[in-house]
1. For the range 35-63, how many residues are touching a residue at least 12 places away in the same chain (Cβ under 8 Å), part of a loop (DSSP other than H, G, I, E, B) and not charged (D, E, K, R)?
2. Go through the range 98-136 and report how many residues are exposed (fewer than 15 other Cβ atoms within 10 Å of the Cβ) and in contact with an Asp or Glu (Cβ under 9 Å, 6 or more places away or on another chain).
3. Within the range 64-93, count every residue that is touching a helix residue (DSSP H, G or I) at 6+ places or on another chain (Cβ under 7 Å) and either in a helix (DSSP H, G or I) or small (Gly, Ala, Ser) (or both).
4. If I ask for residues that are part of a helix (DSSP H, G or I) and either under 17 Å from GLN75 (Cα atoms) or in contact with a Cys (Cβ under 6 Å, 6 or more places away or on another chain) (or both), which ones from the range 101-110 would you list?
5. What do you reckon, is LEU31 without any contact (Cβ under 8 Å) to a residue 12 or more places away in the chain, touching a Leu at 6+ places or on another chain (Cβ under 9 Å), outside any loop (DSSP other than H, G, I, E, B) and on the phi < 0 side of the Ramachandran plot?
6. Would you confirm whether or not the range 63-75 contains a residue that is within 21 Å of CYS118 (Cα to Cα), among the hydroxyl-bearing types (Ser, Thr, Tyr) and under 11 Å from the mean Cα position of the chain (by Cα)?
Amino acid sequence: MGMFDGIDAVSSSSGGAFIVPGKYRFRINALKCPDNLRAGQCFIAELDLVSSNVSEFFEGQRISWIRKLSGEWAQLALADVKGFIAAAAKCEENQINNEVATRVVQDDQPLAGKLVDCEAYNKPKKNGEPFTRTRWSPVEDE
């Protein structure tokens, strides 16, 4: 048995920062739905920070936004993803369907390079712990 047995079955992660309350402008680097995550099916937006009022982040920093697409909160996650895609594509939410959502995570990355604004805020869960919610909007002056 070698030290790196199983390395072919895993993927590297850029790790990184996650959105905290504040206002942001991001450039989309990549949108993904990897099949082999421990958490199950997820939508992952890898975003490069253009500007923010959050002092712990810096311009150009890679920030991840992740929504789990299965389990108890799947409907909320789908609604969040729908809002994100609509903002990035500058279209109405009723134009986002399974075909469109599947298209944006394909290898050619049709939304890569697009700008999107985000306002993040904490909302308490039932147990009182904070959960960071996001409200996405298109960048009109792009």
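Bear in mind these aren't lab numbers, they're just calculated from the coordinates by the rules spelled out. These numbers come from a predicted model, not from an experiment. Note that each Cβ is placed from the backbone with ideal geometry, even for glycine, and that neighbours are counted across all protein chains shown.
1. 9
2. Count: 2.
3. Adding up the residues that qualify gives 6.
4. Selection gives ALA101, THR102.
5. Against the criterion (without any contact (Cβ under 8 Å) to a residue 12 or more places away in the chain, touching a Leu at 6+ places or on another chain (Cβ under 9 Å), outside any loop (DSSP other than H, G, I, E, B) and on the phi < 0 side of the Ramachandran plot), LEU31 does not qualify.
6. For the range 63-75, residues within 21 Å of CYS118 (Cα to Cα), among the hydroxyl-bearing types (Ser, Thr, Tyr) and under 11 Å from the mean Cα position of the chain (by Cα): present.
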